[in-house]
Each structure stands twice: as C-alpha cells, then as structure tokens.
Amino acid sequence: MRALVQVLKKVYQDFAVIYPPAEAVEVSDVYAALIQNGYGRLPADYRTFLMMTDGLFWNGLELFSTREHERNNGAFFHRAIIQSQALFSKNTQLNKKIVLGMAPEELIVYDTVRKEYQLVDRYSYTIFVKFPSFSDILYFYIRNVVEK
C-alpha cells in the first residue's frame, strides 16, 4: 500500500485529478452491486485504491470511481464503475470482466474468472497485456513518472 501512496503522490504532482477517498460503505455498496448484477467481485486491491482516491484521471488514463464526480460546473464527469459496467456488460466479449477504467486505446479490465487484470483493445477487444495485480497495471501506465 505504501508504494501505491507514493505512486499517487507522483501522478498528483504531474497534474493528475485525484478525488477524496471513497467511504468504506461506498466501496461495499459497489462491491455488492457488482455481485448482485452478476458482474463478479471487485478485487481487494482495487477496493484499496478506491479507499485512497475515489477514481483517477491522468494523461488520458481514467480509473472509475464509486460514484460519478462532476468537475468544472458539469463540463466533465468522472465515470462510476456501476454505470460504466452496465454499458460495457452488453458486449459478450467482456462477459465475466469488470471494466475498471479506460485509456486512449484500451480498456482496463479485471477478469473475474482468471482473476487477472487485462488491457483490452477498445475496438477489437483483444487482450494484449495481463497483470497479476492492480499495482502492476497502474505502474505500467505511470512508470515514466515514477522513475523521474
């Protein structure tokens, strides 16, 4: 968890939009709603991330939050996991996968069957990288900032 705190500090210094931490009840509600709607279980390390910042937007990377966040008087809305998942779940190629975020060319998903994080092409839905943990996938995107 300490490494995640350091990473969040680095991206914040690099103009990331970081939100206040989600409340434990909000994370529990999202966890329950995902299960109840048949999407699967939100992994523990992503729940920990939400308890540190309820979503993240940085350099084209958007990690979904427990609730929608409005910024700049409605000019920008940060997406919530449940609402986003409802849209993505209509695609059979994303069956048993929870979409946690987006980047310019890919979706960031958690495969609830394989219990792994994946980067999936936004257009062909081809998996092109797999990761064992959320911190690994986050580091993949921000390694250049961390190494400065």
In the set GLN118, GLN83, the lone residue that is in a strand (DSSP E or B), free of Cβ contacts under 8 Å to residues at least 24 places away in the same chain and either more than 23 Å from PRO132 (Cα to Cα) or not hydroxyl-bearing (Ser, Thr, Tyr) (or both) is GLN118
Go through segment 93-111 and report how many residues are of a type in the set (A, V, I, L, M), assigned to a strand (DSSP E or B) and closer than 16 Å to ASN37 by Cα. 3
Select from segment 23-69 the residues that are among the hydrophobic types (A, V, I, L, M, F, W, C) and part of a loop (DSSP other than H, G, I, E, B) and write down the one among them that is nearest to the chain's Cα centre (by Cα). PHE64
Considering each residue of segment 74-94, count those that are farther than 19 Å from ASP54 by Cα and surrounded by 14 or more Cβ atoms within 10 Å (Cβ to Cβ), and give that number. 3
Out of all the residues in segment 130-145, is one or more more than 21 Å from TYR12 (Cβ to Cβ), touching a residue at least 60 places away in the same chain (Cβ under 8 Å), exposed (fewer than 15 other Cβ atoms within 10 Å of the Cβ) and not small (Gly, Ala, Ser)? no
Inspect all residues belonging to segment 51-69 and state whether any of them is touching a Lys or Arg at 6+ places or on another chain (Cβ under 7 Å) and free of Cβ contacts under 8 Å to residues at least 24 places away in the same chain. yes
Scope segment 107-127; condition in contact with a Leu (Cβ under 6 Å, 6 or more places away or on another chain) and modelled with pLDDT under 95; matching residues: ARG122
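Being over 15 Å from MET51 (Cα atoms) and either without any contact (Cβ under 8 Å) to a residue 40 or more places away in the chain or outside any loop (DSSP other than H, G, I, E, B) (or both) is the filter here, so list the residues in segment 10-22 that pass it.
So the first thing to find is which residues in segment 10-22 are over 15 Å from MET51 (Cα atoms), and the list is 10-17.
Selection gives LYS10, VAL11, TYR12, GLN13, VAL17.
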Matching residues in segment 4-24 (modelled with pLDDT of 80 or more, farther than 12 Å from ARG67 by Cα and surrounded by fewer than 12 Cβ atoms within 10 Å (Cβ to Cβ)) number 2
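The values are calculated or read from the model by the stated rules, or taken from the named source; none is laboratory data. Please read these numbers as outputs of a predicted model, since none were measured by experiment. Don't worry about glycine lacking a Cβ; one is built from the backbone with ideal geometry, like all the others, and counts go over all protein chains shown.
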